[in-house]
1. I want to verify the translational diffusion coefficient of region A:1-124 in µm²/s; compute it with Stokes-Einstein, Rh as the Kirkwood radius over Cα pairs, at 37 °C and 0.692 mPa s.
2. Using only the Cα atoms of the protein assembly as shown, what do you get for the radius of gyration and for Dmax, in Å?
3. Chain B: Rg/Rh from Cα coordinates, Kirkwood Rh?
4. Quick one: among A:Asn95, A:Asn30, A:Asn11, which has the greatest mean-square fluctuation in a GNM of chain A with alpha-carbon springs under 10 angstrom?
5. In deg cm²/dmol, rounded to 500, what helix-only [θ] at 222 nm does chain B give when every DSSP H run of at least 4 residues adds -39500 (n - 2.57) and the total is split over its residues?
6. Over the whole of B:146-154, what's the average partner chain Cβ count within 10 Å per residue? Rounded to a whole number, please.
7. If you line up the Cα atoms of region A:71-113 on their principal axes, what length do they span on each, largest first, in Å?
8. DSSP beta bridges in the protein assembly as shown, what fraction antiparallel, as a percent rounded to 5?
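Every read-out reported here was derived from the displayed coordinates using simple, explicitly stated rules and does not represent laboratory data. Everything numeric here is computed off the predicted structure, so don't read it as measured data. Cβ placement follows ideal geometry from the backbone for every residue including glycine, while neighbour counts extend to all protein chains displayed.
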Amino acid sequence: MNSKLSLRDLNIHFGENHAVKSVDMEVAENSVTAIIGPSGCGKSTVLRSINRMHDLTPSARVTGTIMLDDTDIYGRNVDPVTIRRRVGMVFQKPNPFPAMSIYDNVIAGYKLNGVLKKGEADEIVESSLKRVALWDEVKDRLRTGAVELSGGQQQRLCIARTIAVKPEVILMDEPASALDPISTLKIEELIEELKSKYTIVIVTHNMQQAARVSDVTAFFYLGELVEIGETRKVFTNPEKKQTEDYITGRFG
Amino acid sequence: MNLRSIALRRVANGAATLLMGAATLLVLLPLIIIFYHIIKMGISSINPDFFTQIPRPTGEEGGGMANGIAGSAIMIGMASLVGLPIGVFGAVYLTEYGTGKLSTTIRFCADVLSGIPSIITGMVAYGMLVVPMKGFSALAGSFALSLIMIPIVLRTTEEQLKMVPTTLREASLALGVPLWRTSIKVTLRSALTGVITGTLLAIARVAGETAPLLFTALGNQFWSKKLTEPMAALPLQIFNFAISPYEDWHRLAWAGALVLVVLMFGLSLAARWLGRSKHS
């Protein structure tokens with residue numbers, strides 16, 4: 001398989017704090033890569049560096065390279081906005097735009113950028129909501145506020161909003177941790193379904209979830225990438241002692 | 001615990017409640033006195049003439065403050081036209097882009113500016129506009145009012161923008177929306193009711209300002225034809241009429257005071273109503 005993302009000697013500092021230490025990692029196209037590890041191990045920090053979300057944090061400093069196909073994400077002449085159009089993100093807490101309807105939330109990426117073509121919107125909304133299996137639940141109330149949906153529905157709406165702008169990579173930062181088990185199951189089914197079209201990197205603190213949804217698992221500890229490999233192998237026959245201790249629940 | 005100490009505690013509790021209740025009433029008292037007094041003195045002169053006529057020459061009964069009301073509206077409008085965008089977009093810059101020393105300095109300056117007595121703002125406008133233009137004018141008055149408005153709008157808007165959750169900004173950015181569009185279409189949009197509340201309070205504040213207009217707009221007994229002429233304003237007219245020796249001018253001043261207070265009260269109520277409906 002082709003390598004979609006390639007992290008080379010990635011280091012991230014927040015002021016004096018060295019949060020991510022010299023990480024090398026490949027992410028294959030149309031696969032699901034899970035990043036696991038205890039709280040504070042740097043997994044979310046790595047994820048957020050892939051679409052330059054740290055640009056907003058003045059104290060953050062990212063060094064090394066992240067290649068998205070042939071583009072260096074942190075290259076000198078690279079606009080973070082174009083990167084973020086190719087690399088979408090789903091956040092831990094569902095964050096639909098509260099002032100917008102369900103319909104407007106799905107096309108928010110177009111509306112906020114002022115590039116929506118007339119007549120396109122209906123088609124984008126319907127296909128995006130169908131892809132996240134939300135269409136049947138909301139098709140009769142598309143004009144109502146997005147905040148009236150349940151947490152799980154909101155999160156699927158956020159995924160619909162993300163895929164509506166046709167990214168190549170979707171980053172998911174613990175997308176189901178604020179949801180109930182049934183909503184979680186739906187999100188996991190959705191991830192399985194989405195990987196045929198997108199490359200997905202998911203951070204999770206739920207190891208069963210990582211085992212269920214991912215093809216490759218990366219284990220982080222104290223800012224370092226301890227082990228990365230095929231998910232089945234990492235969970236059944238890890239190479240490193242630390243990985244084994246973590247997945248068997250001895251610490252974390 | 002024995003009964004004696006419980007009884008003692010009840011007495012102490014009752015005394016403290018009474019004391020705080022009395023203090024609250026004392027806070028309300030000045031407001032009630034002001035309203036009562038202004039209504040009592042001013043209500044008799046409130047009639048259609050007051051809103052449609054300009055002041056009559058001394059000795060002639062009747063007349064109104066139409067030119068003052070219009071002048072206030074014009075100058076507040078022009079001050080808002082300049083002050084509101086500067087205040088609001090300045091606040092957007094401070095919260096969304098500003099980091100480090102520059103924004104700390106701007107914030108500090110805004111605080112100092114809002115603490116400057118308004119008569120000094122008026123003197124500055126006098127020096128900057130009235131002297132070079134060789135005459136008092138509505139423009140100079142508007143300029144002085146906008147100077148008072150900017151720091152108020154800046155700081156209240158900034159507080160409102162800070163309350164917008166980071167996750168919303170991130171949601172927009174992650175969709176490939178540039179920061180400047182995110183700032184305006186997501187962050188400012190989410191805080192809009194709060195921002196409008198803040199601007200209404202700022203308008204209410206400058207509507208009652210007299211001192212900065214003394215050296216700038218000066219006041220006018222007649223309708224002003226140009227913005228480069230002296231212009232009447234409600235608080236100025238109240239001031240001039242109240243210190244005049246004529247009984248009927250005093251009554252007009254009271255009526256003007258009543259109109260001004262009702263206007264400010266209305267703006268404050270509108271601001272409160274907007275602020276509340278956001279949370280329900």
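1. 199
2. 31.8, 105
3. Radius of gyration over Kirkwood radius for chain B works out to 1.10.
4. Of the options given, A:Asn95 has the highest mean-square fluctuation.
5. My calculation for chain B gives -23000 deg cm²/dmol from helical runs alone.
6. For peptide B:146-154, the averaged partner shielding equals 0.
7. Rounded to whole Å, the extents work out to 38, 24, 13 Å.
8. 60
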